[in-house]
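The values are calculated or read from the model by the stated rules, or taken from the named source; none is laboratory data. Keep in mind it's a predicted model, so treat the numbers as computed, not measured. Don't worry about glycine lacking a Cβ; one is built from the backbone with ideal geometry, like all the others, and counts go over all protein chains shown. Note: areas computed on protein heavy atoms with side chains; ligands, DNA, RNA excluded. Shrake-Rupley method; radii C 1.70, N 1.55, O 1.52, S 1.80 Å.
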Amino acid sequence: MIYFLSDAHLGSLAIERGWVQQKRLIDMLEMMSEDAVSIYLLGDIFDFWMEYFHHDKGKRQFSPFFKEVRKLIQKGIRVHFFTGNHDLWTFGGIDQLSGAAVHYEPCTIKRYGKSIFLAHGDGLLPTDWEKLYPKDIQRKIKQFMRLRRIFRNPFLQFCFRSLPPAWGNKFGYGWAKKSRLKEIANPCPYKGEDKEELVLFAKDQERIGNHRDYYIFGHRHIELDLQIASGSRVVILGDCFKQWTYAKLDDKGNLSLHNYEP
Ligand SMILES: [Mn+2]
């Protein structure tokens, strides 16, 4: 079996009893380890991950999670960690702490005869997106893309990494908490086949001839399993703090979404 999960947002100040959540995530990985060949963590596993030039005591809270990942790898399971938009600031630390293979960009894999596009999902748009959205939505998308460029700017990353970790974390976790509370106040459910960016992205890929059997994303905190073309499906994974969803690919190439019950 190959498992896919995303969006645990470990450490979030908006998630009550974070250690219970972390324990449950570990139990979920433990359950997967019974028959897993590989496990793909598709981004935003941490609510704010930043690697400073100074020692950061704040990372200690994630030791149980890292211990579990190392255990899985020791068992022979391959663990892949994709960065999301909350934990892209890893510069070798996550590989070192967990032993997982870290991916900074989307990628396409082939398993059990199926081609599978994997990405966290932030920043993915169809090529003709400007034609598809009204002006106000276009403005929001542009804003997000601008912020995304700022987050990825090497000079600004260098500056942030020079901060005392306590300051940087206060800012980072504070920002992340605000965005989570905003999402709770204004939930953004599935927008529909003609508006959901990740669905449009996948449809566009099919249209331009980059066929894949499955597209698997995180990021949106919604659960979706949608057929977009003959032999092509989009799966959005939900999350690992409220819905506790994951996807599973069996050795016949069947992909299915599940809810984890401890
Ligand atoms: Mn995200």
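As a test of the formula, what do you get for the chain when each DSSP H run with n ≥ 4 contributes -39,500 (n - 2.57) and the sum is divided by the residue count, at 222 nm and rounded to the nearest 500 deg cm²/dmol?
Rounded to the nearest 500, it is -11000 deg cm²/dmol.
Just for the chain, what percent of DSSP beta bridges are antiparallel, to the closest 5?
Details: 19 of 40 bridges.
Of all bridge pairs located within the chain, approximately 50 percent are antiparallel.
Could you state the accessible area per residue of the range 2-259 in Å², with a 1.4 Å probe and every protein chain left in place? Intermediate values should be presented prior to the final figure.
Values: 13000 Å² over 258 residues.
Spelled out: the 1.4 Å probe surface of the range 2-259, per residue, equals 50 Å².
Can you give me the span-like helices of the chain, meaning DSSP H runs with 18 Å or more of Cα extent along the axis and Kyte-Doolittle mean at or above -0.5?
18-32
Could you tell me what percent of the accessible area of the chain is made up of carbon and sulfur, with a 1.4 Å probe and every protein chain present?
Answer for the chain: carbon and sulfur cover 55 percent of the accessible area.
Using the Karplus equation 6.51 cos²θ - 1.76 cosθ + 1.60 (θ = phi - 60°), what ³J(HN,Hα) coupling, rounded to whole Hz, does each residue of the range 77-88 give in order, writing x for Gly and Pro?
Rounded to whole hertz, the list is 7, 7, 10, 10, 10, 9, 6, x, 8, 9, 9, 7.
For the chain, rounded, prolate or oblate, judged on the Cα gyration tensor with a ≥ b ≥ c (square roots of eigenvalues), a/c < 1.5 rounded, else prolate if a/b > b/c?
In terms of gyration-tensor shape, oblate.
With +1 on the Cβ of every Lys and Arg and -1 on the Cβ of every Asp and Glu, and nothing else charged, how large is the dipole of the range 57-103 about its Cα centre, in debye rounded to the nearest 20?
Computed charge dipole of the range 57-103: roughly 260 debye.
Please list, by residue number, every one of the GluC sites (Glu not before Pro) in the range 1-60 that is coil in DSSP and has at most 11 other beta-carbon atoms within 10 Å.
Sparse-neighbourhood loop GluC sites (Glu not before Pro): E16, E34.
Need one number: nm distance between label points at I208 and S162, each 7 Å from Cα along Cα→Cβ, rounded to one decimal.
Result for the modelled spin labels: 3.8 nm.
Which of the listed residues, T90, Y133, I77, is farthest toward the dipole's positive end in the chain, when Lys, Arg count +1 and Asp, Glu count -1 at the beta-carbon?
Checking the options against the dipole of the chain, the answer is T90.
So what does T83 come to for accessible area, using a 1.4 Å probe and Å² rounded to 10?
10
Could you pull out every one of the lysines with an alpha carbon less than 30 Å from that of K178, ignoring same-chain neighbours closer than 8 positions?
K23, K57, K59, K67, K135, K140, K142, K170, K191, K195, K242
Specify the residue with the greatest mean-square fluctuation among L200, L147, L29, computed from a Gaussian network of the chain linking alpha-carbon atoms under 10 Å apart.
Judging by the Gaussian network model, the answer is L147.
With the chain treated as a Gaussian network of Cα nodes joined by springs under 10 Å, which of S162, S98, S232 yields the largest mean-square fluctuation?
Among S162, S98, S232, the largest GNM mean-square fluctuation belongs to S162.
Using alpha carbon centroids, what distance separates the range 80-102 and the range 210-262, in Å?
22
Pairs of alpha-carbon atoms within less than 8 angstrom and 6+ residues apart define the contacts here; what relative contact order does the chain have, in percent?
This gives 25 percent for the chain.
Around G76, what is the net charge, scoring Lys/Arg as +1 and Asp/Glu as -1 over all other residues with Cβ under 14 Å from its Cβ?
+2
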